[in-house]
């Protein structure tokens, strides 16, 4: 009977626990037993720190991506510090120390911190972040030990939590917080305490932009990644005791945690099994293989593998997780063991930039893996697959595409090891920096005769800094007030003995392969700023080392993550002699059906279009003009083999290429040109030229269209009109004023007096 009563008691606890979890599991994430016990034990401390951001090696505090990149709801801010033994204003210029580990709660103002002369500490702190970036920052502040002493540490005090206003939290042991011999790996003789800083690199923190306090800590040892511990905008410091807990409470809490974790785990497992069945409907019994991912070979060679499922006792489905450009990418990969092929994949988690990388979740991308063999690794290709193992990347998301590929290859490697006993080459679960030439701290400047120099961010700080108020005008029409700071390009070049005004153009390339050319007229009329600060904040990591800012010019010139700056001594001036009608020009060119975000649209390689011209000046601009007024100049070498002109689908006609990101395109292109030849899209051209109705239909003046395309006509000039059959017609430039171009999509006819010329190919200028 006693045993039965014990069983009933356990069942009762279990039911109560399950009901509690059912009611609260949406609100309470799994936590450690110690953490829950702490919360239960310290209710009297009246602390409500809000959600705590998960600490990872990859994410440094407050090194946030732009707002359009964020995908998660921000953590709740901690509760405003309560006045306890202070009459000071409870605002962002204060932080509070409280908790069971101090004798009294105390509120510190910025002025009080600055007044602690005995605890003052000023020095250069070395930082190392999780991307390997090494920097020095100059801080003024006070020792953490001093502020803790003012609150009165209890003998049982054990942990110190530094909590920011946005909820970010960094926890140290008391020993770590009081330690005063942290190091600088580049200067081993220096020793540092842990400090709370109010001043960084020449200026105090602005209380209007957040709590003006930052936790700063040195390195524990060489190679220690310390910058993620530098909590900004400290609102609260919580000090906790390590107390003896009620054993029954601990048991109950541990039990709750185990059950909670089990429920979450089982829920994920159930969902994953459903997905596996959806991908492979003929699948038999699906079971999670316990501990399979912990196999030493899989751990070492295929670390991306997190879970392995069997189908009819054969390893068949894999959960793999790896790092993309900015976040984790997790995928489910299902194998068809009978066919020895990939049955399909699903993207479970995508932590990269949504604007570009969400395409990897779409079926038009994931379906590319279906039916591919399991005996070879897959290859990511830029555009044209040459063999079955080639995978076409998502346009503008090359790194994210590679992360998916790494996950799939990890699954292939693990499957071969478990099923065929073949040990394939290891597959890393991260993208190497070399893949996207990621250099956040320097860029190249080059000029003719193979001259070049590398400029570092440290170099930039040595030049005069300018600040300007301007407007960023995006291609969408959105205008954003912007405050930009940094050195001028002309000042940097001047120190190298280069006069920027002597060059015809400047070409700027970003690490993402975005390219913009700045013409001489802009060079001479505008400052080109190498911005390291925007709106009084350091530019985000994904825009480093610098961002180009050209005041009062459109955002197409504001290149991010600058990788290379090229100076051009000669750009041939425009002298348009021939204007082609696009459809007629490309009629004998075989189109390429370019896949762009799931849609396969008819496109033409620019190089093949240029081959139709008699001569192409390599020193000239390739100019593209959109119906919205955007004009974009690039070099011939840049566009010849990299650009396509897409003539179907969304925003057509539009330039597109494998390395393109959104915003690099000229949408609804009206025309493009080399030095001497222009090509027009008649249907779009009529959107920017006055439309007239003639008996044959809606038309535009021929001379107006030619001049819009860049042809300069003088009185006395003659025009030769050539149709698709090669027949020629001659009119004068004055007759062209009263002639009409009659569009039909990308084709056009010419109406000149009583003459109708069908299916025009080209209009050529003959000078007297």
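The values are calculated or read from the model by the stated rules, or taken from the named source; none is laboratory data. All of these numbers come straight from a predicted model, not from anything done at the bench. As a convention, Cβ positions derive from the backbone with ideal geometry for all residues, glycine included, and neighbour counts pool all protein chains shown.
Residue-by-condition table, conditions (1) assigned to a strand (DSSP E or B); (2) at pLDDT below 90; (3) crowded, with 16+ Cβ neighbours inside 10 Å:
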position	(1), (2), (3)
391	yes, yes, yes
394	no, yes, yes
399	no, yes, yes
412	no, no, yes
427	no, no, yes
438	no, yes, yes
444	yes, yes, no
463	no, no, yes
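Quick check on my filter: what residues within segment 292-314 are crowded, with 20+ Cβ neighbours inside 10 Å, over 25 Å from residue 394 (Cβ atoms) and in contact (Cβ under 8 Å) with a residue 40 or more places away in the chain?
If the condition is that a residue be crowded, with 20+ Cβ neighbours inside 10 Å, over 25 Å from residue 394 (Cβ atoms) and in contact (Cβ under 8 Å) with a residue 40 or more places away in the chain, then 298, 308 are the ones that fit.
Say we look at segment 166-191 and pick out the residues that are surrounded by 20 or more Cβ atoms within 10 Å (Cβ to Cβ) and modelled with pLDDT under 85; which of these is farthest from residue 223 (Cα to Cα)?
Once the filter is applied, the top-ranked residue is 166.
Counting just the residues of segment 734-751 that are closer than 20 Å to residue 715 by Cα and surrounded by fewer than 19 Cβ atoms within 10 Å (Cβ to Cβ), which one comes out nearest to the chain's Cα centre (by Cα)?
737
Can you spot a residue in segment 549-560 that is surrounded by fewer than 18 Cβ atoms within 10 Å (Cβ to Cβ), modelled with pLDDT under 90 and in the same structural domain as residue 719 (by TED's automatic domain parsing)?
The answer is no, given that none of the residues of segment 549-560 is surrounded by fewer than 18 Cβ atoms within 10 Å (Cβ to Cβ), modelled with pLDDT under 90 and in the same structural domain as residue 719 (by TED's automatic domain parsing).
Just for segment 615-628: of the residues that are outside any strand (DSSP E or B) and in contact (Cβ under 8 Å) with a residue 40 or more places away in the chain, which one is farthest from residue 515 (Cα to Cα)?
615
I'd like the full set of residues that are touching a helix residue (DSSP H, G or I) at 6+ places or on another chain (Cβ under 7 Å) and in a strand (DSSP E or B), limited to segment 495-537.
Those that are touching a helix residue (DSSP H, G or I) at 6+ places or on another chain (Cβ under 7 Å) and in a strand (DSSP E or B): 505, 506, 515, 516, 518, 530.
Among the residues of segment 474-488, is there at least one that is surrounded by 15 or more Cβ atoms within 10 Å (Cβ to Cβ) and modelled with pLDDT under 85?
yes
For a quick check of your reading of the model, give me the residue pairs whose first member lies in segment 532-543 and is on the phi > 0 side of the Ramachandran plot, whose second is part of a loop (DSSP other than H, G, I, E, B), with beta-carbon atoms closer than 9 Å and at least 6 apart or on different chains.
536/206
Filter segment 507-548 for residues that are under 16 Å from residue 456 (Cα atoms), out of contact with any strand residue (DSSP E or B) (no Cβ under 6 Å at 6 or more places or on another chain) and at pLDDT 90 or above and give the result.
Across segment 507-548, the qualifying residue is only 538.
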